[in-house]
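*Asks:* One structure, pasted below without further comment.
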Amino acid sequence: MKQFFENIGIGLFSNVVLAGLTFLGQNYFDWNLQIPLWLCFIIAASIILVEKIVRYCIRKCRIRKAISTYNYGCFGNSYLYKWKYVKNPKGLYGYEPIGIQVAESKTSIDTPNNIVYHAGHDVDESKIKLIIRLSLIGSVEKNSKEKIQPILDYLHWTEEK
């Protein structure tokens, strides 16, 4: 709804600017040019349409970048997990994380007895999907990152305990 009113404001603003430029242009250059009102509306609608298309393309690029870079993570003091995304119309932004599994530990310590110690614990898959979705929203939607960050901090904190 907020976006709707912003678009109306952009349309009204562009019409006022166009009318002002036309008026100033007619007075300054002594033109006898009359622009019909329907042409002003078409120009304003095309400006709004171009703005929507640009925002859509920027959002798609952000989603693709976030999905290509965010495919592993550690939650609290848990093991390092990795996953991949598949297209799913019911998923967040049309993608769903699948194949969530513990990654090979790169921080394991080899002792002289050849015993390998792994630090961490298992996390429920539904909680991992929730953290992945919230992190993805925070990386794509820049204005909602401040609202999501305390939730993510709390989820990481609960995994540390």
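*Asks:* In segment 49-69, which residues are surrounded by fewer than 16 Cβ atoms within 10 Å (Cβ to Cβ) and of a type outside the set (K, R)?
*Replies:* L49, V50, E51, I53, V54, Y56, C57, I58, C61, S68, T69
*Asks:* Right, next: If you scan segment 112-139, which residues turn out to be outside any helix (DSSP H, G or I) and either at pLDDT 80 or above or closer than 19 Å to N88 by Cβ (or both)?
*Replies:* Within segment 112-139, none qualify.
*Asks:* For the structure I just gave you, tell me whether Y28 is loosely packed, with under 11 Cβ neighbours inside 10 Å, assigned to a helix (DSSP H, G or I) and either aliphatic (A, V, I, L, M) or modelled with pLDDT of 85 or more (or both).
*Replies:* It is false that Y28 is loosely packed, with under 11 Cβ neighbours inside 10 Å, assigned to a helix (DSSP H, G or I) and either aliphatic (A, V, I, L, M) or modelled with pLDDT of 85 or more (or both).
*Asks:* Right, I98: within 30 Å of L152 (Cα to Cα) and at pLDDT 85 or above or not?
*Replies:* No: the conditions fail for I98.
*Asks:* A further question follows. For segment 31-50: of the residues being in contact with a helix residue (DSSP H, G or I) (Cβ under 7 Å, 6 or more places away or on another chain) and not aliphatic (A, V, I, L, M), which is farthest from A19 (Cα to Cα)?
*Replies:* Among them, the one singled out is W31.
*Asks:* If you go through segment 31-46 one residue at a time, do you hit one that is loosely packed, with under 13 Cβ neighbours inside 10 Å, modelled with pLDDT of 75 or more and closer than 19 Å to L92 by Cβ?
*Replies:* No, segment 31-46 has no match at all.
*Asks:* While we're here: Does segment 88-104 hold any residues that are under 20 Å from the mean Cα position of the chain (by Cα) and of a type in the set (S, T, N, Q), and which are they?
*Replies:* Residue satisfying the conditions is N88 alone.
*Asks:* Counting just the residues of segment 101-111 that are in a strand (DSSP E or B) and at pLDDT 55 or above, which one comes out nearest to I63 (Cα to Cα)?
*Replies:* Filtering first and then ranking leaves Q101.
The values are calculated or read from the model by the stated rules, or taken from the named source; none is laboratory data. If you're wondering where the values come from, they're calculated on a predicted model, not measured in any experiment. Reconstructed Cβ throughout: ideal geometry from the backbone, glycine too, with neighbour counts over all protein chains shown.
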